[in-house]
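Here the structure is laid out as structure tokens; the discussion comes afterwards.
The values are calculated or read from the model by the stated rules, or taken from the named source; none is laboratory data. Keep in mind that what you see is a predicted model, and the values were worked out from it rather than measured. Here Cβ is always computed from backbone atoms with ideal geometry, including for glycine, and neighbour counts include all displayed protein chains.
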């Protein structure tokens, strides 16, 4: 909902970051240019159908999970190539690359080293999907050193946001 409001006020390339809910895909597709968190073929297929109706293309990052934690989203490294194969030929979807938020229990260097290794294997199979969305305000320097092309540094620039449960 916030994305709809802000994208109407300022034209540009808009990125959706956060866990995707199937029921929200139409709203997200109405304003986003990139979605950083696709982790299932069901979401990608639904997004493809919605984009056809909207006559637009959306670039997606597949969300990678390093630890398989329930509730955090993401596909295991062992399944990321299979998911990419399923979604890469969908109409109105452009596979941009991978996205990963490291588990809080991982040391930054270890996490981004592992992400970089997975990313290199991924782009060997999907050379045009070479973007890597990883890193936040607390760890973006390590993420960039390991190949991140997109980082999330909102609180570093804008300060903390109020929490609304």
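Worth pointing out:
- On inspection, residue 18 does not qualify as under 13 Å from the mean Cα position of the chain (by Cα), surrounded by 18 or more Cβ atoms within 10 Å (Cβ to Cβ) and under 21 Å from residue 137 (Cβ atoms).
- Scan the range 28-46 for residues that are under 15 Å from residue 15 (Cα atoms) and touching a helix residue (DSSP H, G or I) at 6+ places or on another chain (Cβ under 6 Å) and the total you get is 3.
- Filter pass, residue 47 being under 17 Å from the mean Cα position of the chain (by Cα), without any contact (Cβ under 8 Å) to a residue 40 or more places away in the chain and either more than 16 Å from residue 122 (Cα to Cα) or surrounded by 18 or more Cβ atoms within 10 Å (Cβ to Cβ) (or both): no
- Evaluating residue 56 against the criteria (1) at pLDDT 95 or above; (2) in a loop (DSSP other than H, G, I, E, B); (3) surrounded by 14 or more Cβ atoms within 10 Å (Cβ to Cβ) leaves one unmet condition, (3).
- Whichever residue in the range 27-44 is more than 13 Å from the chain's Cα centre (by Cα) and at pLDDT 95 or above and, among such residues, is surrounded by the fewest Cβ atoms within 10 Å (Cβ to Cβ): 42
- All conditions in (1) modelled with pLDDT under 95; (2) within 27 Å of residue 111 (Cβ to Cβ); (3) not in a loop (DSSP other than H, G, I, E, B) hold for residue 7, with the sole exception of (2).
- Summed over the range 91-121, the residues that are within 26 Å of residue 52 (Cβ to Cβ) and surrounded by 17 or more Cβ atoms within 10 Å (Cβ to Cβ) give a count of 7.
- Restricting attention to the range 66-81, the residues being loosely packed, with under 14 Cβ neighbours inside 10 Å, on the phi > 0 side of the Ramachandran plot and either assigned to a helix (DSSP H, G or I) or modelled with pLDDT of 90 or more (or both) number 0.
- Filter result (surrounded by 13 or more Cβ atoms within 10 Å (Cβ to Cβ) and modelled with pLDDT of 90 or more) within the range 122-137: 122, 123, 126, 129, 130, 131, 132, 133, 134
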